[in-house]
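Trainee: I have a structure here, written as structure tokens, and I will follow up with some questions on it.
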Amino acid sequence: MSATLDHVRTAPGPLRLAVVIGSTREGRFGPTIASWFVRQAGLRDTVTVEVVDTASIELPHTFGAATDHPSVTEATEKLARADAFVVVTPEYNHSYPGSLKNLIDTHHAEWQAKPVGFVSYGGISGGLRAVEHLRPVFAELHAVTVRDSVCFPNPWGRFDDAGELPAPNDADAAAATMLDQLTWWGEALRAARLAQPYGK
């Protein structure tokens, strides 16, 4: 599903970051990790954050099917106005959830010429195989994936009851590194889109 305006141009100001929660499973851990990351991003006054939760979007199950559901319209608008994305994904069977693929595939121009970072979680691999499967998908959509990601092997039990990570931990530093890369790419690509609309 394309945005109302192709190649949305955003005015200079704080970088608009959309955090996408990829899992829809009952009892999912994704919202806990996403909330933690949103707080990390919120420490920067150069970034504003919106959350796109696949569990709250009534996407069509048939590829290319039209839908005017308000939840889809809202998600599309958030993706279109974003300057950068962070995808929070678990690893299912060495890859990422079908719900996330459905969200990705029902949009196109919204991803173009924008950077994407990843926060993954899972068993011993921490979701890294899901991330490696996502990189070529976003490349096909003309998005730029940043090198560094945040990885949570066996995250259950690492977070306290408030959804915080006890100090010391290495995730805060990993998030800062990824946000640095996203900010660089986000600002560079936003300036390029303002100068000239992106066309494949």
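The values are calculated or read from the model by the stated rules, or taken from the named source; none is laboratory data. These numbers come from a predicted model, not from an experiment. As a convention, Cβ positions derive from the backbone with ideal geometry for all residues, glycine included, and neighbour counts pool all protein chains shown.
Trainee: If E77 passes every condition in (1) surrounded by fewer than 20 Cβ atoms within 10 Å (Cβ to Cβ); (2) touching a residue at least 60 places away in the same chain (Cβ under 8 Å); (3) touching a Gly at 6+ places or on another chain (Cβ under 9 Å); (4) not basic (K, R) but one, which one does it miss?
Mentor: The one condition E77 does not meet is (3).
Trainee: What are the residues in region 154-170 that are surrounded by 15 or more Cβ atoms within 10 Å (Cβ to Cβ) and touching a residue at least 24 places away in the same chain (Cβ under 8 Å), if any?
Mentor: P155, F159, L165
Trainee: Mind checking which residues of region 171-196 are surrounded by 15 or more Cβ atoms within 10 Å (Cβ to Cβ) and more than 17 Å from R39 (Cβ to Cβ)?
Mentor: Q181, W185, G186, E187, L189, R190, R193
Trainee: Identify, from the list V137, V146, V72, the residue that is surrounded by fewer than 23 Cβ atoms within 10 Å (Cβ to Cβ), touching a Pro at 6+ places or on another chain (Cβ under 6 Å) and of a type in the set (A, V, I, L, M, F, W, C).
Mentor: Testing whether each residue is surrounded by fewer than 23 Cβ atoms within 10 Å (Cβ to Cβ), touching a Pro at 6+ places or on another chain (Cβ under 6 Å) and of a type in the set (A, V, I, L, M, F, W, C) leaves just V146.
Trainee: With respect to S125, determine if the residue is among the hydroxyl-bearing types (S, T, Y), at negative phi and surrounded by fewer than 20 Cβ atoms within 10 Å (Cβ to Cβ).
Mentor: Considered against the rule, which asks whether it is among the hydroxyl-bearing types (S, T, Y), at negative phi and surrounded by fewer than 20 Cβ atoms within 10 Å (Cβ to Cβ), S125 comes out as yes.
Trainee: What number of residues within region 171-185 are touching a residue at least 40 places away in the same chain (Cβ under 8 Å) and not hydrophobic (A, V, I, L, M, F, W, C)?
Mentor: Here the count works out to 3.
Trainee: With the structure loaded, tell me whether V119 is under 21 Å from D172 (Cβ atoms) and in a helix (DSSP H, G or I) or whether it fails that test.
Mentor: no
Trainee: V38: within 15 Å of the chain's Cα centre (by Cα) and either within 29 Å of G157 (Cα to Cα) or modelled with pLDDT under 95 (or both), yes or no?
Mentor: yes
Trainee: Could I ask something else about it? In region 41-56, which residues are of a type in the set (A, V, I, L, M, F, W, C) and over 15 Å from the mean Cα position of the chain (by Cα)?
Mentor: Result: L43, single match.
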